[in-house]
Amino acid sequence: MMMNLFSIFDPSSSIFNFSFNWLSTLLGLLFIPQSYWLILPRINMIMNNIFFKIHLELKLLLKNNSNKGSTLIFLSLFTIIIYNNFLGLFPYIFTSTSHLSMTLMMAFPLWLSFMLFGWINNTNHMFAHLVPQNTPSLLMPFMVLIESISNLIRALTLSVRLTANMIAGHLLVTLLSSTGINMSILLTSFLILIQILLLTLESAVAIIQSYVFMILSTLYSSEVN
């Protein structure tokens, strides 16, 4: 029984203390073998072109301060998030990216590794980054405090941004679908049209939020070099 509206985003079915809903995170792997290992269909060529364009953009953001292959980390992150975002649009599939534990699990290790790398290898650069250029002397202590708080909450803001955007659309779709039982045929037809438009919007949000998560992670990485 659903105790509150947000419980639809919580894992509920489990066996041996392992939630069945979290298995949706691995469903993306089912699409890989046939399209990647056996044949090279047209859709795979399209995906390769998209990934290549993103790779070039990431190289521009990282400038020339990154090691070879570092863009693969962010491309992999983008792929994982967009797979899970799109899988959550199908009925009865749990959206793992709408859970803070999932998004924080991706954002926190990245943020921690960036911070450790920056403070260990580029200590002077990290200290200089706390005070923007041309900052008045009186404002320097406040700027250090603001920048320090900003750096500390980056992992949380990354994960909350993705979680909130995925929950918002799913909540709206759930609320509208729950009202369709008591509607007339004419209103139900209008509701179906609205739901289709919302699903189209959610598809765009799934792509945009994956892209935003990847780009912000890349920018955070470029700041510590």
Would you tally the residues in segment 115-138 being in contact (Cβ under 8 Å) with a residue 24 or more places away in the chain and surrounded by 14 or more Cβ atoms within 10 Å (Cβ to Cβ)?
6
Only one of these conditions is not met by THR103: (1) polar (S, T, N, Q); (2) over 18 Å from the mean Cα position of the chain (by Cα); (3) surrounded by 14 or more Cβ atoms within 10 Å (Cβ to Cβ). Which number is it?
(2)
Could you pull out the residue among SER217, SER177 that is assigned to a helix (DSSP H, G or I), modelled with pLDDT of 85 or more and small (Gly, Ala, Ser)?
SER217
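Kindly evaluate ILE167 against the criterion of being among the β-branched types (Val, Ile, Thr) and within 24 Å of PHE74 (Cα to Cα). Quick ask: steps written out before the conclusion?
Details: among the β-branched types (Val, Ile, Thr): yes; within 24 Å of PHE74 (Cα to Cα): yes.
Spelling it out, ILE167 is indeed among the β-branched types (Val, Ile, Thr) and within 24 Å of PHE74 (Cα to Cα).
Every residue, every condition in (1) outside any loop (DSSP other than H, G, I, E, B); (2) at pLDDT below 70; (3) in contact with a strand residue (DSSP E or B) (Cβ under 8 Å, 6 or more places away or on another chain), yes or no:
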| residue | (1), (2), (3) |
| --- | --- |
| GLY28 | yes, yes, no |
| PRO33 | yes, yes, no |
| ILE50 | yes, no, no |
| ASN67 | no, yes, no |
| SER76 | yes, no, no |
| LEU89 | no, no, no |
Determine, yes or no, whether SER203 is farther than 30 Å from SER113 by Cα, among the small types (Gly, Ala, Ser) and either surrounded by fewer than 12 Cβ atoms within 10 Å (Cβ to Cβ) or free of Cβ contacts under 8 Å to residues at least 12 places away in the same chain (or both).
no
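The values are calculated or read from the model by the stated rules, or taken from the named source; none is laboratory data. Every value quoted in this text rests on a predicted model; they were computed, and no experiment measured them. Every residue, glycine among them, receives a Cβ derived from its backbone with ideal geometry; neighbour counts consider all protein chains shown.
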